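Novice: Supplied in structure tokens, the structure appears directly below.
The values are calculated or read from the model by the stated rules, or taken from the named source; none is laboratory data. Since the model is a prediction, treat every value here as computed from it, not as a measurement. A quick note on method: Cβ atoms are made from the backbone with ideal geometry, for glycine too, and the neighbour counts reach across all protein chains shown.
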Amino acid sequence: MAEQSLKEQLSNAVKDAMRSKDKIRLTTLRMAQSAVKQIEIDERRELSDEDVLKVLDKMLKQRRDAASQYDDAGREELGDKERAEMVILEEFMPAALSEDDLDALIRMAISSTDAQGMQDMGRVMNELRPQVLGRVDMGHLSKKVRAALAG
């Protein structure tokens, strides 16, 4: 049997959440499914696993931002809800990269693009993006690449 696509995994997780009557999980997964479906309708195409990862990654970033804003505003219960949704979404993301693996990928990208300095940051990031999608926070990656290029 072929491995399930990310969309199929999401769909099965929605069914499981319905069966177990897990309301937060069901709502979060339906939101993710809806975001994927909306892009498919807008762009009139079937999304690949990589595209679905981009959608989930964007949703995770939104949750992270919202949680920190709620925390800053003293609304911990809303921040906790965002973090609970993040935990559910992270189940569908690939395993996070260790700092050592990330450093190695950055070194390889710099060498393969012949990057000489900050002016080559875009090329290095474009080289890295497909390899790290969903496995590292892009803001963190950007800081590490900047530091590596600065020497």
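Novice: Report yes if V36 is under 23 Å from G139 (Cβ atoms), in contact with a Lys or Arg (Cβ under 9 Å, 6 or more places away or on another chain) and β-branched (V, I, T), otherwise no.
Specialist: On the way: under 23 Å from G139 (Cβ atoms): no; in contact with a Lys or Arg (Cβ under 9 Å, 6 or more places away or on another chain): yes; β-branched (V, I, T): yes.
For V36, the condition - under 23 Å from G139 (Cβ atoms), in contact with a Lys or Arg (Cβ under 9 Å, 6 or more places away or on another chain) and β-branched (V, I, T) - is not met.
Novice: Moving on to the next point. Going by what's in this entry, would S5 be described as over 15 Å from the mean Cα position of the chain (by Cα), among the small types (G, A, S) and under 21 Å from A84 (Cα atoms)?
Specialist: Values: over 15 Å from the mean Cα position of the chain (by Cα): yes; among the small types (G, A, S): yes; under 21 Å from A84 (Cα atoms): no.
The answer is no for S5.
So that you can scan it fast, the table gives a plain yes or no per residue for (1) loosely packed, with under 13 Cβ neighbours inside 10 Å; (2) closer than 26 Å to D16 by Cβ; (3) polar (S, T, N, Q); (4) at pLDDT below 95:
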{"residue": "T28", "(1), (2), (3), (4)": "no, yes, yes, no"}
{"residue": "R44", "(1), (2), (3), (4)": "yes, no, no, no"}
{"residue": "K54", "(1), (2), (3), (4)": "no, yes, no, yes"}
{"residue": "D57", "(1), (2), (3), (4)": "no, yes, no, yes"}
{"residue": "Y70", "(1), (2), (3), (4)": "no, no, no, no"}
{"residue": "R83", "(1), (2), (3), (4)": "no, yes, no, no"}
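Novice: I'd like to check something: does segment 94-112 contain any residue that is of a type in the set (A, V, I, L, M), under 25 Å from K23 (Cα atoms) and touching a residue at least 12 places away in the same chain (Cβ under 8 Å)? Can you show your working first?
Specialist: Start the filter on segment 94-112 by keeping residues that are of a type in the set (A, V, I, L, M), which leaves 95-97, 102, 104-106, 108-110.
Adding the requirement that they be under 25 Å from K23 (Cα atoms) leaves none.
No, the conditions are met nowhere in segment 94-112.
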